[in-house]
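The values are calculated or read from the model by the stated rules, or taken from the named source; none is laboratory data. Being a predicted model, the structure only gives us computed values, none of them experimental. All Cβ positions, even for glycine, are placed from backbone atoms using ideal geometry, and neighbour counts span all protein chains on display. In case anyone asks, the SASA skips ligands and DNA or RNA and just uses the protein heavy atoms, side chains included. Shrake-Rupley method; radii C 1.70, N 1.55, O 1.52, S 1.80 Å.
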Amino acid sequence: MTTNDDGEVESIEIQHLNQRASTWFEELIEIANNGDVTYDELAFEFTATDGDESSAEVAETLQVISGDEPTGTNSEGRTTLLGDDDKTLGPGDAVEFGVMVNLIASSSPGNRTDLPDASDVALEITAIRE
């Protein structure tokens, strides 16, 4: 994992995964609301950033997970946290999440049976206020 001068995560590199398993990296990242606005939901989307078709397929094998909060899926197909009516991310609040890499063939998400040597995938996180 690399961070910037403020301690914010810039990249995470995962190597040597079991090519026929679901691998969970729980409590990998913490998102803190340092502002003064309350958010109702966080939406996550993995996308390939290098234009490589195999990277797009890798993005399909990734899923956001949370041990503390249930995840859901919004109308755009993005994984969500805090989608429950009584959950919010208020000023000063934080929520942790992790990532699952699913390499079990014919298992959702994705149907990869192995990963390429390298892929560039970005995670976009959108804070939603309804």
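The set of residues from the stretch 9-33 being among the acidic types (Asp, Glu) and assigned to a loop (DSSP other than H, G, I, E, B) comprises just one member, 13.
Being modelled with pLDDT of 90 or more and of a type outside the set (Ser, Thr, Tyr) is a description that applies to residue 41. Of all residue pairs spaced 6 or more apart or on separate chains, those with beta-carbon atoms under 7 Å, a first member in the stretch 31-50 that is without any contact (Cβ under 8 Å) to a residue 60 or more places away in the chain and a second member that is open to solvent by 40 Å² or more (accessible area, probe 1.4 Å) are 35/91; 36/91. Candidates are the residues of the stretch 12-47 that are over 16 Å from residue 98 (Cβ atoms) and of a type in the set (Val, Ile, Thr); the one that is nearest to the chain's Cα centre (by Cα) is 47. Residues that are of a type in the set (Ser, Thr, Tyr) and more than 24 Å from residue 119 (Cα to Cα) within the stretch 56-107 comprise 71, 73, 75, 88, listed in sequence order. Would you point out the residue of the stretch 60-111, among those that are on the phi > 0 side of the Ramachandran plot and within 17 Å of the chain's Cα centre (by Cα), that is modelled with the lowest pLDDT? Ranking the candidates gives 110 first. For the stretch 2-40, enumerate the residues that are open to solvent by less than 50 Å² (accessible area, probe 1.4 Å), within 17 Å of residue 92 (Cβ to Cβ) and β-branched (Val, Ile, Thr). The answer is 31, 37. Inside the stretch 5-40, residues that are over 23 Å from residue 69 (Cβ atoms) and among the hydroxyl-bearing types (Ser, Thr, Tyr) make up a count of 1.
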